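The values are calculated or read from the model by the stated rules, or taken from the named source; none is laboratory data. In this text the structure is predicted, and so the values were computed from the model without any measurement. Glycine also receives a Cβ, built like all others from the backbone with ideal geometry; neighbour counts cover every protein chain displayed.
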Amino acid sequence: MCTTCGCGNGETLIEGHMHDHARDHHHHTHGHTHDHASGRMVQVEQDILAINDRYAESNRSYFVDNSILTLNLVSSPGSGKTTLLTSTLSALKDEFPLSVIEGDQQTSQDAERIRATGVKAVQINTGKGCHLDAHMVGHAVQTLAPEEDSMLFIENVGNLVCPAAFDLGEAHKVVILSVTEGEDKPLKYPDMFHAADLMLLNKTDLLPYLDFDVDLCIGYARRVNPDIKVLQLSATKGDGMDAWMSWLRDEHQLQSGQETVVAQG
């Protein structure tokens, strides 16, 4: 949780938005006295998540009302998440309006890679923070102004722990796992795989050179989350990308239908 992971206080920078995270109503305060009583820690964690959830519901209402399919892409560093994202954007940018919120502790390198595809992006630098939260995303959305009937991709900070606990208002968490990371990651980081609706098993072109058991990895993921959907692909070679594109198109259509139901209701 944020109370124990070492997140920074007041260090968040969002492009195009003056954001003093330390003074905001929603902040990850670490200035409190270090009371290590378990009851106190649990209460602080619950308070942080409850505040975040209120912002997440506000984000979600906005996304649904405007028919914006929003996906929270999560992974450990080095999974190929940004490469997968740029390949996805290049394939879909002529079919849908697209936008990206890019989360990193420092630098805007990944946002620049996104913009090179012709898709608009806003960078959030979290400083010492190890995840995005719903309030950061809400401010980034104000700057980004995603179009109606579009797709918004949120590339979270590389971390398989804290992002699992923080709802951003997304329709789905999508966890990307590289075959170079080891098949036991779903058991080591169960909260993330339990929270995700889809697992993308990336870098499958490297399987001939690795000792990686695909079936065992998928079995571990479904032990943690029996309902998780799994797609195997290689973002660099293009293998399996068609199935990923089909999933995105189907989810976008469902999001548009959800918006219609809400409007009629």
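Assorted remarks:
- Per the conditions (1) touching a residue at least 40 places away in the same chain (Cβ under 8 Å); (2) over 11 Å from Ile176 (Cα atoms), the sole criterion not satisfied by Lys203 is (2).
- Residue selected from the stretch 232-265 under the condition at pLDDT below 95 and hydroxyl-bearing (Ser, Thr, Tyr), by the criterion surrounded by the fewest Cβ atoms within 10 Å (Cβ to Cβ): Thr260
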